[in-house]
Amino acid sequence: MIGPRDHGELRDALRALCAGFPPEYHRRIDREAGYPEEFVAALTREGWLAALIPEEFGGAGLGLTEACVIMEEINRSGANAGFCHGQMYNMGTLLRHGSEAQKAHWLPRIASGEIRLQSMAVTEPGAGTDTTRIRTTARKQGDRWIVDGQKVWISRVQHSELMVLLARTTPLAEVERKSLGMTLFLVDLRDAVGSGLTVKPIENMVNHETNELFFDGLELPEDCVIGEIGQGFRHVLDGLNAERALIAAECIGDGRWFIDRGTAYAKEREVFGRPIGQNQGVAFPLAEAHVEIEAADLMTRKAAALFDAGEPCGAEANMAKYLAAKASWEAANACLQTHGGFGFAADYDVERKFRETRLYQVAPISTNLILSHVAEHVLGLPRSF
Ligand SMILES: Cc1cc2nc3c(=O)[nH]c(=O)nc-3n(C[C@H](O)[C@H](O)[C@H](O)COP(=O)(O)OP(=O)(O)OC[C@H]3O[C@@H](n4cnc5c(N)ncnc54)[C@H](O)[C@@H]3O)c2cc1C
């Protein structure tokens, strides 16, 4: 069966864990601009954040389909996977492109929770979405790499021991294609922060730990290169389909949370002597949001199933992310409107989730860039950039 009732055992286990962290917990963390240490620790302890790590490295060896269910249930419980989802995405880079020595050293430590790989540093102020224009450089000096430059919006750096970094190793002017000449590095933040790397938090609309990073002669050991030198951009792209599907699943979790909350309130709140949900002006936006979330869920399942079968899934993963982010935002609006004034009260959690789900239209990839992928790669329209 496909839908919110499939993977019953998996969902029951996650729901039991999440039930230990009631709305008051997430509300307090949001108010204090804190980090849900206990919640993330519980997810790690029970192995959920190591779902995609193969069993030989101490993980659960599950597929993307199951990983999507995990992300969906986290958000559906009223929590925000943004505090910890980096571990799911970033680990894939190491798994796919890391050397045997890197995988043997790091993956079991990540799976056990001893080490967190929650951060990936790609975005730069001067380049934005055009990653080929990044200006952070890494140049070889003896047996070290020296990194200089700047990144922006890099999340969870203060709650991670490791970070994947994309830097230019061959100047743009010297490469055959602009997507070449960039390399991935695995940065041990415990050594780097304060020794060539400065972290400056960015206050933002969501309680999302994200930062500006300044690299000033940061020295990295030779063996921290992930994959092939000069192929870093391609290695990043390799991970995007899984990331898109996982993000879509988070949106679906949010959407279901909004619809549950909105529906319950619409049944219980009486105005003009009847439940507000009896008015079609209130009921239809909730019904429409439900329809759209269910459709987005189907596309997400399709993307994850293709991925798990080793089939191409770029179109489906992008379409799933587009549909799910849009549907969760529509559900957020319907839920907030249904709550009237109380939608704005922090105690109802709607305004917090409303802010959280809005982010998915921008990060980790903006809606326009998804449409651009579909236009160019699915419909064969002329390339625009
Ligand atoms: C809370 C948060 C956390 C983040 N975490 C991370 C992280 O951990 N690591 C990381 O590397 N990055 C992270 N990001 C960055 C995020 O991936 C980018 O913000 C996002 O990809 C958009 O890039 P930009 O902000 O530079 O927008 P810009 O590239 O400046 O674009 C601005 C707007 O113009 C549109 N646009 C630009 N070019 C085109 C075009 N050719 N056609 C149509 N529309 C276009 C975009 O879609 C966007 O809406 C985070 C961002 C936020 C807000």
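The values are calculated or read from the model by the stated rules, or taken from the named source; none is laboratory data. Predicted, not measured: the structure shown is a model, and the values here were computed from it. Cβ placement follows ideal geometry from the backbone for every residue including glycine, while neighbour counts extend to all protein chains displayed.
Couple of notes before you dig in:
- Unmet criterion (only one of (1) without any contact (Cβ under 8 Å) to a residue 12 or more places away in the chain; (2) more than 21 Å from residue 79 (Cβ to Cβ); (3) in a helix (DSSP H, G or I)) for residue 311: (3)
- Members of segment 237-249 found to be assigned to a helix (DSSP H, G or I), in contact with a helix residue (DSSP H, G or I) (Cβ under 7 Å, 6 or more places away or on another chain) and either surrounded by fewer than 22 Cβ atoms within 10 Å (Cβ to Cβ) or charged (D, E, K, R) (or both), listed by number: 238, 243, 244
- Any hit, segment 199-221, residues being under 26 Å from the mean Cα position of the chain (by Cα), over 25 Å from residue 362 (Cα atoms) and not in a strand (DSSP E or B): no
- Members of segment 113-129 that are more than 7 Å from the ligand (Cβ to nearest atom) and more than 30 Å from residue 59 (Cβ to Cβ): 124, 125, 126, 127
- Residue 287 being away from the ligand (no atom under 16 Å from the Cβ), touching a helix residue (DSSP H, G or I) at 6+ places or on another chain (Cβ under 7 Å) and either assigned to a helix (DSSP H, G or I) or not assigned by TED's automatic domain parsing to the domain that holds residue 90 (or both): no
- In segment 85-96, the count of residues that are over 30 Å from residue 21 (Cβ atoms), more than 16 Å from the ligand (Cβ to nearest atom) and among the charged types (D, E, K, R) is one or more.
- Sole exception among (1) within 20 Å of the chain's Cα centre (by Cα); (2) surrounded by 15 or more Cβ atoms within 10 Å (Cβ to Cβ) for residue 58, by number: (1)
- Across segment 56-92, the number of residues qualifying as assigned to a helix (DSSP H, G or I) and modelled with pLDDT of 95 or more comes to 18.
- The set of residues in segment 358-376 that are farther than 16 Å from residue 130 by Cβ, within 7 Å of the ligand (Cβ to nearest atom) and among the hydroxyl-bearing types (Ser, Thr, Tyr) contains only 367.
- When residues of segment 117-137 are limited to those that are in a loop (DSSP other than H, G, I, E, B) and in contact with a strand residue (DSSP E or B) (Cβ under 7 Å, 6 or more places away or on another chain), the one farthest from residue 182 (Cα to Cα): 125
- Check on residue 331, closer than 26 Å to residue 21 by Cβ, in a helix (DSSP H, G or I) and in contact (Cβ under 8 Å) with a residue 60 or more places away in the chain: yes
- Total residues in segment 314-333, condition under 11 Å from residue 358 (Cα atoms), under 17 Å from the mean Cα position of the chain (by Cα) and surrounded by fewer than 24 Cβ atoms within 10 Å (Cβ to Cβ): 2
- Residue in segment 352-371 that is in contact with a Pro (Cβ under 8 Å, 6 or more places away or on another chain) and modelled with pLDDT of 95 or more present: no
- Where residue 133 falls short, out of the listed (1) surrounded by 21 or more Cβ atoms within 10 Å (Cβ to Cβ); (2) touching a helix residue (DSSP H, G or I) at 6+ places or on another chain (Cβ under 8 Å): (1)
- Qualifying residue in segment 147-157 (condition: within 10 Å of the ligand (Cβ to nearest atom), part of a loop (DSSP other than H, G, I, E, B), in contact with a helix residue (DSSP H, G or I) (Cβ under 9 Å, 6 or more places away or on another chain) and β-branched (Val, Ile, Thr)): no
- Residues that are out of contact with any Ser or Thr (no Cβ under 8 Å at 6 or more places or on another chain) and not in a helix (DSSP H, G or I) were ranked within segment 372-385; the one that is modelled with the lowest pLDDT is 383.
- Checked against (1) out of contact with any Gly (no Cβ under 8 Å at 6 or more places or on another chain); (2) part of a strand (DSSP E or B), residue 252 meets all criteria but (2).
- Of the set (1) in a strand (DSSP E or B); (2) closer than 15 Å to residue 236 by Cβ, all apply to residue 140 but (2).
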